[in-house]
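Peer 1: Handing you this structure, nothing more for now.
The values are calculated or read from the model by the stated rules, or taken from the named source; none is laboratory data. Everything numeric in this text was worked out from a predicted model, so none of it was measured. So basically every Cβ, Gly included, is an ideal-geometry build from the backbone, and we count neighbours across all protein chains shown.
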Amino acid sequence: MNDHSLFTPSHSGHERLATVSSGRAADDLAGIDPAELFRGALGALRRGFWIILLCVAIFAALGAAFAMRQEPKFVARSSLIIDPRVSEGMMTDQQVPTVLLADALVVDSEVEVLQSRQVLGRVIERLDLAGETRAALVEAGEPVPDEAELERLAFESLASRLDVEREGTTFVVRVSATAADPLRAAELANAVTEEYLAVQGDVRADQTRITRDWLRGELEAMSSELMQAEAEVELFLHENDIPSENQIGAVAQEIAANEDRLIASRGELRDATAAVETIDAALAELADPENSRTDVAFRIAELVTALGGPSGLRPSQVEDALLRLRDGQQARIRLAEAEIRPLEAATRALKDELAAINQKQIDLRQLERRASAMRSQYESLLAHFERTAREGDFFRSSARIIERAAPPAEPSNPGTVLLAGAAGAGGFVIAIGLIFLREQFNDSLRSSDDVTALGLPYLGALPVLGRGERRQFPAAIAAHAMHLPRRTRQEIAGLTHVAAAPYSFAAETIRRAAIALRRIRAEQGSRTRPVIAAMVSAVSDEGKTFTAANLAFFLAEQGSRVLLVDGDLRNPNLSRILGPLVSEETYRRMRDSRHISESDADAGDISEDAALVPVPLTERITLVGLADPSRTLAAEQELATLRSRVATWDPAADFVILDTAPLGYVSDSLAIAHGLDATILVARWGHTRAGTLRRLLAANRPLTEKLIGVCLGRARTRRLRHHEYLPVSDSYYRSGPAA
């Protein structure tokens, strides 16, 4: 297999396609180079420059148009301060601590009040905004609703034109009004703040009036009740003989003395009773046969001493000492009980006497307290009434205007430049998104990296030729081409461009293909058979015919004999374009040498049996084409035996360049795959998709195995430089060799 060129690795094309996915996985595992990613992003932006420019221009123009069509709007602002530290009462003696009133909720609540229906309703009535709404509806030709609906529409319109907000964390509230007239905007802003203060004053006046009326009624009722309470006190003193405070104090002192004596006697009784119980427990312990009498006697002797008995008792004396102590304590109990009974009786009698006195005192004090409380309430209400009357005349609001709205000098609409700039910035963002989507979803071949990513060798790009370049002809056909029609000359100039301009950008790609074919021929050694190379493409109109013809003429210019076979039988462009170069004398000479009839000569046929006819174009190039379109099937059979046919067409040929049918349309190329030494794939730059090409090559493996490179045809030079890692410079290739 002659698949070894300067541009191909040692393995075959289908093996390269099979390993491309594993290579990508290895690249993913290796990670992403940030610098490469950044360069890729810059390259995408550079390639999408016109998208960015177009989006920015369109959006900027739309923004400018919108700004110019907007009606001018003026915003006027007035400011007021709502200081909750100001006490609601002018005449109060104490101020409420600031920390309790400086809460943001206080000011935020007043902001809501400023936008309430109560305040805005007064503004609507003051400025007759309902009438303006009615006039606007009449002018627009719309039906006029009832008064309630007009009020609602006026309120919604006014609310939409107002903006009330608090300035940061301060007590300042700013009221902004928008209108088409600067004077009207200032009038609206000032009216809102003024009506807010007026509402506060009216509310305060109503509260003061209601409070004074209520206080007056309460004072009248309280006065009657106070007079009645004082009369009841006088009547009680007159009807009851209440002793003096001294007499009440002597009885209380006697009760206290008796209670002190009772406390002492009861204490004596408790102590004696406790001592008796202790002595009884000790006697029981002595009488218990389970206890050691000697040990218990010594311990109880200490108890006897603690209870006031003699010390140093022997064990036999302990029990007698305990009995004597018990008799003494029982005597104390009887004495204490004898003292308690008369004291309790005397104390009860004194308490009954004091209770009767206290009951009268309690009733008297209740009457006096009621009268005193009613007098205090009366005096407090009277003071509140007087203070309310004074505060109603000297009311001080917690809000005050600190800045009145003035008619603005300029409209508040964003300027045309500002709006256009903002819209342009939005267009730039949208353009970036479009470029990103295009880069993500566009898998067309546009650079050498796209080709090598498929595991295929890259030969180069063939640019679209300019008008000046199309008029050039190689010397071998210049004489014949100059007498042809203008359109035909242009087409022929395109197919022979490289031979006429060997130092052009396109010539370098053709030169790489020629080097690869010459290496294949060199590897054949002494064999004389020509190298057969086929030009294939995925679909039509990708530059396959252009590449085949230019390669043939380039090899001929370098001294090789070339057979240029038009194998695209359904669309024989080579024969159509280059056929007019064959002169009448050439046809006549071919006819005479092979005894062709005149009718067959007119049809371009040179053999009664052959479907493909060789016609010499120059001394080194022979064009083999289909003379009769009705013999397409016979031509397909001849292409299938291409290697044996070459000797009959030109025995001395060095190279056979075959222009085949597109892979995506027909299967003609597979029929000649076994007779090929190399295939060159031509893909249209920016149109042929990598996925499509990958599937076609996988389905045509006999051709893929002999692939020596890929050419990107019909490339735009200016756009190509945005995709290649090396800059593309036409001027370098056009300069030619040094003189």
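Peer 1: Identify, please: which residue in the stretch 150-170 is of a type in the set (A, V, I, L, M) and outside any helix (DSSP H, G or I) and is, among those, surrounded by the most Cβ atoms within 10 Å (Cβ to Cβ)? Break it down stepwise before answering.
Peer 2: The initial filter retains those residues of the stretch 150-170 that are of a type in the set (A, V, I, L, M), namely 150, 153-154, 158-159, 162, 164.
After this cut, where a residue has to be outside any helix (DSSP H, G or I) as well, the list is 162, 164.
Values: Leu162: 18, Val164: 21.
If we take residues in the stretch 150-170 being of a type in the set (A, V, I, L, M) and outside any helix (DSSP H, G or I), then Val164 is surrounded by the most Cβ atoms within 10 Å (Cβ to Cβ).
Peer 1: Just wondering, is there one or more residues in the stretch 89-103 that are modelled with pLDDT of 80 or more, of a type in the set (Ser, Thr, Tyr) and part of a loop (DSSP other than H, G, I, E, B)? First the steps, then the outcome.
Peer 2: We begin by selecting, within the stretch 89-103, every residue modelled with pLDDT of 80 or more; these are none.
No - not one qualifying residue is present in the stretch 89-103.
Peer 1: Here's a follow-up. Just checking, which of Ala678, Ala652, Ala683 is assigned by TED's automatic domain parsing to the domain that holds Gly460, at pLDDT 85 or above and surrounded by fewer than 19 Cβ atoms within 10 Å (Cβ to Cβ)?
Peer 2: Values: Ala678 fails: surrounded by fewer than 19 Cβ atoms within 10 Å (Cβ to Cβ); Ala683 fails: surrounded by fewer than 19 Cβ atoms within 10 Å (Cβ to Cβ).
After ruling out the rest, the residue left standing is Ala652.
Peer 1: OK, next. Hey, can you tell me all the residues within the stretch 171-212 that are in contact with a helix residue (DSSP H, G or I) (Cβ under 6 Å, 6 or more places away or on another chain), in a strand (DSSP E or B) and of a type outside the set (A, V, I, L, M, F, W, C)?
Peer 2: Correct list: Thr178 only.
Peer 1: Continuing with this model, one more query. Regarding Thr704, is this residue assigned by TED's automatic domain parsing to the domain that holds Thr618, at pLDDT below 85 and closer than 20 Å to Leu454 by Cα?
Peer 2: Values: assigned by TED's automatic domain parsing to the domain that holds Thr618: yes; at pLDDT below 85: yes; closer than 20 Å to Leu454 by Cα: yes.
Yes, satisfied.
Peer 1: With surrounded by 20 or more Cβ atoms within 10 Å (Cβ to Cβ), over 26 Å from Arg486 (Cβ atoms) and either in contact with a helix residue (DSSP H, G or I) (Cβ under 7 Å, 6 or more places away or on another chain) or at pLDDT below 60 (or both) as the only criterion, which of Val562, Val613 stands out?
Peer 2: On the way: Val613 fails: either in contact with a helix residue (DSSP H, G or I) (Cβ under 7 Å, 6 or more places away or on another chain) or at pLDDT below 60 (or both).
Going through Val562, Val613 in turn, the sole match is Val562.
Peer 1: Something else: Condition (residue is assigned by TED's automatic domain parsing to the domain that holds Arg694 and either closer than 21 Å to Glu619 by Cα or of a type in the set (Asp, Glu) (or both)) applied to the stretch 456-465: is it met by at least one residue?
Peer 2: Scanning the stretch 456-465, I find no residue that is assigned by TED's automatic domain parsing to the domain that holds Arg694 and either closer than 21 Å to Glu619 by Cα or of a type in the set (Asp, Glu) (or both), so the answer is no.
Peer 1: What residue, among those in the stretch 565-594 that are in a helix (DSSP H, G or I) and among the small types (Gly, Ala, Ser), is modelled with the lowest pLDDT?
Peer 2: Ser593
Quick grid of which residues meet (1) among the basic types (Lys, Arg); (2) surrounded by 17 or more Cβ atoms within 10 Å (Cβ to Cβ); (3) under 30 Å from Gln253 (Cα atoms):
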position: Gly308; (1), (2), (3): no, no, no
position: Ile333; (1), (2), (3): no, yes, yes
position: Ala338; (1), (2), (3): no, no, yes
position: Pro342; (1), (2), (3): no, no, yes
position: Arg348; (1), (2), (3): yes, no, yes
position: Asp352; (1), (2), (3): no, no, yes
position: Ala356; (1), (2), (3): no, no, yes
position: Leu367; (1), (2), (3): no, yes, yes
